[in-house]
Amino acid sequence: MLLRDWGNSVNARRLALYIAVLVLLALLGLGLALWGLVACAPPPLPGDELWTWRQQLGAAFGLVTRFGTAACFTADPAGSAALWIGARIAGILLVALALMVLWELVGRELRRAWFRARGGHLLLAGAADDVAGLAHAHRAASVYLAPDRTALADFARRHPFAEAAPLAARAVPRQLARFGAPAARLVAAVTHNDLANVALAESALDRPGRAEILLRLEQASVRALSSHRLRQRAERQGRDLAIVSRTALQTRRGMAAAMSGRYTLDGAPRPHIALCGTGEGLQAATLEVVRQGFGLDTDRPLVSILRTGMADFAAGALDRLQSSEAAEVQVTTAIAASAGSLDRAITGLVLDAPPLLAIHCLGATPEEAEAIALEWESVLLALHQPVPPIIAYGASDRPLGATGMIRVAVAPDLAEARALARLMDARAVAVHAEFLRAQREARGDKFGSAPAEADWAHLPEPFRDDNRNVADQMDFKLASIFMLAAPGAGGVAPTPDETERLARIAHARWWASKALGGWRYGPKRDDRAQLHPDMQPYDRLGEPVKQKDRDEVASLPRLAQLAGEALRRERRVAVPRPLAPAALATLAAHLRATPKDQVPVAVLPLDTAAMVEMAAALLADGIAIEAVLGAGADYAVPGLAAVLRRAWRIHVASGPAAAALAARASEAANDKGAIGASA
């Protein structure tokens with residue numbers, strides 16, 4: 001077994017370390033023996049120094065290799081100790097070698113038996129980079145199943161003494177049993193092969209156990225077909241099962257980085273969002289954008305897709321998007337390798353359509369996504385157009401570009417993805433509980449006949465996903481009525497007028513989500529034909545249907561509470577002109593004294609360097625700002641990019657920035673920093 005195990009790359013690395021330890025011990029023994037002989041011998045006669053060193057080196061080598069011994073002529077205690085240890089280093093080497101061999105032959109199998117009996121370890125199937133966050137977060141003993149030999153060699157370099165083995169596709173149940181999966185703390189099936197991950201999760205659920213299961217599924221089709229079945233099996237066993245997609249979570253981060261509801265334009269033009277690039281993330285990002293239903297209740301949003309390659313949408317996905325009533329989808333193709341081709345395509349898209357609310361840039365690699373984002377910024381500046389949030393789906397969050405409007409959306413590691421999935425499901429459960437409560441009151445004896453009127457444990461996966469989407473849209477809903485969720489307890493609730501506005505947004509999201517699934521309007525509901533009478537503008541709905549959307553809005557405080565947050569209202573204070581340092585300090589003090597159920601937001605026209613400098617000072621003081629940009633804003637103003645990168649809100653006015661302040665804030669600061677009602 002030892003020879004067979006040492007034949008693989010993991011144990012070859014460990015063997016090299018064993019040899020290095022033995023060599024170091026041997027050198028240490030030789031050095032101690034030589035130093036002891038020098039310390040214990042009388043000084044050499046003049047001219048005999050080199051001869052004496054040669055004699056002592058030979059004697060030291062003999063002591064180490066022949067288990068010899070020697071007396072200390074000078075009775076030096078340190079020399080005697082060095083001679084004693086050096087003379088026995090060969091025995092120490094043999095003991096160390098025996099322990100190494102014993103560990104490889106017996107000890108490692110005993111450790112696996114301990115895992116099977118006592119558990120508490122992690123069983124991680126995936127590449128080293130993917131599982132590193134999980135191992136670090138738990139700080140427990142880990143067993144690694146590498147998906148291929150390259151990944152196994154990578155584990156060898158990073159964790160030469162860890163339990164690691166290649167994943168045996170045809171012997172997964174036996175392999176999981178060997179490494180104690182039923183007693184493990186966590187079984188993570190997070191390879192890059194969705195079907196292999198499903199097989200691992202199914203094998204882990206085949207035997208009773210206490211292990212939490214983390215399942216990574218990147219392909220939407222595999223998630224749709226496998227998630228519900230696996231979740232139900234786990235729930236019947238009382239097991240925790242988290243299903244994550246790093247691509248989907250990165251897309252959600254991209255949606256948050258796009259400042260939905262917090263980047264606004266004068267005149268509320270038709271919502272227009274662009275997606276540009278290639279790669280598997282392009283479809284996920286497009287579906288997420290369309291699913292939000294931005295502005296659908298008043299006008300179909302425009303979604304422009306600029307493809308720079310063909311490895312993106314699954315067969316039929318684009319046709320489904322373009323035939324859906326959720327959005328008007330326009331598709332253009334450009335050659336990414338030709339800057340001129342991409343520039344021309346961007347120029348045509350920008351000049352022939354309403355102003356953009358956001359741009360999502362994706363690529364075959366993170367570097368390509370960032371390069372596309374920089375190209376978009378360059379073209380918009382050359383055309384003297386407003387630069388909206390440009391989202392680059394990159395590898396690391398860092399400042400990019402010259403305007404401060406490029407944001408990098410990074411895929412979370414699996415430890416963070418697991419925590420996000422748990423929070424997302426907890427919020428989805430809260431949304432569904434509020435829906436059931438309202439439906440039970442409204443429908444009486446008829447409650448329970450509709451497919452969605454089931455407990456969470458029996459709720460089909462499409463309905464669960466719909467509840468997750470409700471939770472995902474919380475920040476956008478709140479931003480549209482100048483509210484947010486902030487850490488703390490207590491909080492406020494939307495007013496009846498605000499609830500009605502949020503209900504319209506909720507209905508638009510539901511409408512878009514159903515339309516993406518192929519549903520259309522019909523006077524009577526027909527599940528087989530996918531017809532639904534509620535797929536129409538909010539104003540045409542009956543009162544009971546509108547109440548469902550209001551009930552969805554009622555779940556917002558609970559959603560915030562699950563994340564340790566509470567709903568706060570923005571206290572919006574206009575600062576129309578630069579303030580002297582003393583007045584600025586007074587204003588900051590007044591803003592910090594804002595009641596706890598509100599969050600202060602300073603609204604500033606960033607049309608001069610002095611205003612930009614004041615905005616930077618407020619940000620440094622921990623105060624959120626709304627940056628108001630005028631028509632033809634100069635992004636080259638010193639410091640403007642840094643301020644825009646950190647701004648809580650950004651509004652683009654159709655005229656001078658200062659003229660838009662009155663409509664953006666209910667209070668204003670005077671020249672002394674005092675706050676009064678806005679004119």
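The values are calculated or read from the model by the stated rules, or taken from the named source; none is laboratory data. Only a predicted model underlies this, so the values are computations on that prediction, with no experimental measurement involved. Note: ideal-geometry Cβ built from the backbone for every residue, glycine included; neighbour counts use all protein chains shown. These area figures cover heavy atoms from the full protein model, side chains too; ligands, DNA and RNA do not enter into them. Shrake-Rupley method; radii C 1.70, N 1.55, O 1.52, S 1.80 Å.
Can you tell which of Asp475, Asp539, Asp455 is acidic (Asp, Glu), farther than 26 Å from Arg664 by Cα, open to solvent by 40 Å² or more (accessible area, probe 1.4 Å) and touching a helix residue (DSSP H, G or I) at 6+ places or on another chain (Cβ under 8 Å)?
On the way: Asp475 fails: farther than 26 Å from Arg664 by Cα; Asp539 fails: touching a helix residue (DSSP H, G or I) at 6+ places or on another chain (Cβ under 8 Å).
Answer to the check: Asp455.
If I go through the stretch 236-254 residue by residue, how many of them are farther than 14 Å from Arg223 by Cβ and open to solvent by 20 Å² or more (accessible area, probe 1.4 Å)?
Our first condition is that a residue be farther than 14 Å from Arg223 by Cβ; within the stretch 236-254, this holds for 236-240, 250, 252-254.
From the residues that got through so far, the ones that are open to solvent by 20 Å² or more (accessible area, probe 1.4 Å) too are 236-238, 240, 250, 252-253.
Matching residues across the stretch 236-254 total 7.
Assess whether His507 counts as being touching a residue at least 60 places away in the same chain (Cβ under 8 Å) and crowded, with 19+ Cβ neighbours inside 10 Å. Write out each step before concluding.
Numbers: touching a residue at least 60 places away in the same chain (Cβ under 8 Å): yes; crowded, with 19+ Cβ neighbours inside 10 Å: yes.
Yes; evaluated as a whole, the condition is true for this residue.
For the stretch 593-618, which positions are of a type in the set (A, V, I, L, M, F, W, C) and open to solvent by less than 20 Å² (accessible area, probe 1.4 Å)?
Residues of the stretch 593-618 of a type in the set (A, V, I, L, M, F, W, C): 593, 599, 601-604, 606, 609-612, 614-618.
The answer is Val601, Ala602, Val603, Leu604, Leu606, Met611, Val612, Met614, Ala615, Leu618.
Looking at Ala485 and the list (1) surrounded by 19 or more Cβ atoms within 10 Å (Cβ to Cβ); (2) of a type in the set (Gly, Ala, Ser); (3) under 27 Å from the mean Cα position of the chain (by Cα); (4) assigned to a helix (DSSP H, G or I), which single condition is not satisfied?
(4)
Every residue in the stretch 153-174 that is farther than 11 Å from Leu124 by Cα and crowded, with 21+ Cβ neighbours inside 10 Å, please. Give the steps one after another, and end with the answer.
If we filter the stretch 153-174 for residues that are farther than 11 Å from Leu124 by Cα, which is where we start, we get 153-162, 166, 168-174.
Result: Phe155, Ala156, Val172.
Taking interchain pairs and intrachain pairs at least six residues apart, which have beta carbon atoms under 8 angstrom, with the first residue in the stretch 434-447 and closer than 12 Å to Pro544 by Cα and open to solvent by 50 Å² or more (accessible area, probe 1.4 Å) and the second of a type outside the set (Lys, Arg) and assigned to a helix (DSSP H, G or I)?
Note: pairs meeting the criteria are Ala442/Pro544; Ala442/Gln547.
Of the residues that sit in the stretch 492-504 and are free of Cβ contacts under 8 Å to residues at least 60 places away in the same chain and either part of a loop (DSSP other than H, G, I, E, B) or in contact with a strand residue (DSSP E or B) (Cβ under 9 Å, 6 or more places away or on another chain) (or both), which one is surrounded by the fewest Cβ atoms within 10 Å (Cβ to Cβ)? Spell out how you get there, then give the answer.
So in the stretch 492-504, the residues free of Cβ contacts under 8 Å to residues at least 60 places away in the same chain come out as 495-503.
When the remaining residues are screened for being either part of a loop (DSSP other than H, G, I, E, B) or in contact with a strand residue (DSSP E or B) (Cβ under 9 Å, 6 or more places away or on another chain) (or both), the result is 495, 498.
Working: Thr495: 11, Glu498: 18.
Among them, the one singled out is Thr495.
For every residue, the table says whether it meets (1) outside any helix (DSSP H, G or I); (2) at pLDDT 75 or above; (3) in contact with a strand residue (DSSP E or B) (Cβ under 8 Å, 6 or more places away or on another chain); (4) surrounded by fewer than 15 Cβ atoms within 10 Å (Cβ to Cβ).
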{"residue": "Ala70", "(1), (2), (3), (4)": "yes, no, no, no"}
{"residue": "Ser80", "(1), (2), (3), (4)": "no, yes, no, no"}
{"residue": "Ala90", "(1), (2), (3), (4)": "no, yes, no, no"}
{"residue": "Val101", "(1), (2), (3), (4)": "no, yes, no, yes"}
{"residue": "Glu104", "(1), (2), (3), (4)": "no, no, no, no"}
{"residue": "Arg116", "(1), (2), (3), (4)": "no, yes, no, no"}
{"residue": "Leu123", "(1), (2), (3), (4)": "yes, yes, yes, no"}
{"residue": "Ala132", "(1), (2), (3), (4)": "no, yes, no, no"}
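If you check every pair at least six apart or on different chains, which have Cβ atoms under 8 Å apart with a residue in the stretch 466-491 that is without any contact (Cβ under 8 Å) to a residue 12 or more places away in the chain and under 16 Å from Trp511 (Cα atoms) first and a residue that is part of a strand (DSSP E or B) and of a type outside the set (S, T, N, Q) second?
Note: no pairs meet the criteria.
Does any residue of the stretch 368-391 turn out to be aliphatic (A, V, I, L, M) and modelled with pLDDT under 90?
To start, the set of residues in the stretch 368-391 that are aliphatic (A, V, I, L, M) comprises 369, 371-374, 379-383, 387, 390-391.
Checking which are modelled with pLDDT under 90 leaves us with none.
Looking for residues that are aliphatic (A, V, I, L, M) and modelled with pLDDT under 90, one finds none in the stretch 368-391, hence no.
His384 versus (1) over 23 Å from Leu640 (Cβ atoms); (2) in a loop (DSSP other than H, G, I, E, B); (3) open to solvent by 50 Å² or more (accessible area, probe 1.4 Å): which is the lone unmet condition?
(1)
Would you mind finding the one in Ala627, Ala641, Ala662 that is open to solvent by 10 Å² or more (accessible area, probe 1.4 Å), in contact (Cβ under 8 Å) with a residue 12 or more places away in the chain and under 35 Å from the mean Cα position of the chain (by Cα)? Steps first, please.
Details: Ala627 fails: open to solvent by 10 Å² or more (accessible area, probe 1.4 Å); Ala662 fails: under 35 Å from the mean Cα position of the chain (by Cα).
Step by step, each of Ala627, Ala641, Ala662 is checked, and only Ala641 is open to solvent by 10 Å² or more (accessible area, probe 1.4 Å), in contact (Cβ under 8 Å) with a residue 12 or more places away in the chain and under 35 Å from the mean Cα position of the chain (by Cα).
Residues that are among the acidic types (Asp, Glu): list the strands (runs of 3 or more DSSP E) wholly contained in the stretch 568-655 that include at least 1 such residues. Don't jump to the end; show me each part of the working.
Working: elements: 598-605, 624-629, 649-652.
Of the strands (runs of 3 or more DSSP E) lying wholly inside the stretch 568-655, those with at least 1 residues that are among the acidic types (Asp, Glu) span 624-629.
Hey, among Arg568, Arg577, Arg550, which residue is open to solvent by 60 Å² or more (accessible area, probe 1.4 Å), of a type outside the set (A, V, I, L, M) and at negative phi?
On the way: Arg568 fails: open to solvent by 60 Å² or more (accessible area, probe 1.4 Å); Arg550 fails: open to solvent by 60 Å² or more (accessible area, probe 1.4 Å).
Answer to the selection: Arg577.
Being of a type in the set (Gly, Ala, Ser) and outside any loop (DSSP other than H, G, I, E, B) is the filter; apply it to the stretch 353-374 and report the residue that is surrounded by the fewest Cβ atoms within 10 Å (Cβ to Cβ). Quick ask: steps written out before the conclusion?
Here is the first cut: in the stretch 353-374, the ones of a type in the set (Gly, Ala, Ser) are 353, 358, 363-364, 369, 371, 373.
Restricting the remaining residues to those that are outside any loop (DSSP other than H, G, I, E, B) gives 358, 369, 371, 373.
Numbers: Ala358: 24, Ala369: 27, Ala371: 18, Ala373: 28.
That would be Ala371.
Would you confirm whether or not the stretch 222-230 contains a residue that is open to solvent by 60 Å² or more (accessible area, probe 1.4 Å), among the aliphatic types (A, V, I, L, M) and within 23 Å of the chain's Cα centre (by Cα)?
Looking for residues that are open to solvent by 60 Å² or more (accessible area, probe 1.4 Å), among the aliphatic types (A, V, I, L, M) and within 23 Å of the chain's Cα centre (by Cα), one finds at least one in the stretch 222-230, hence yes.
Where residues in the stretch 16-29 are open to solvent by 50 Å² or more (accessible area, probe 1.4 Å) and touching a helix residue (DSSP H, G or I) at 6+ places or on another chain (Cβ under 9 Å), which of them is farthest from Asp76 (Cα to Cα)? Spell out the reasoning first.
Taking the stretch 16-29 first, the residues open to solvent by 50 Å² or more (accessible area, probe 1.4 Å) are 16-17, 19, 21, 23-24, 27-28.
This time we only want the ones that are touching a helix residue (DSSP H, G or I) at 6+ places or on another chain (Cβ under 9 Å), so: 21, 28.
Values: Val21: 29, Leu28: 20 Å.
The extreme case among them is Val21.
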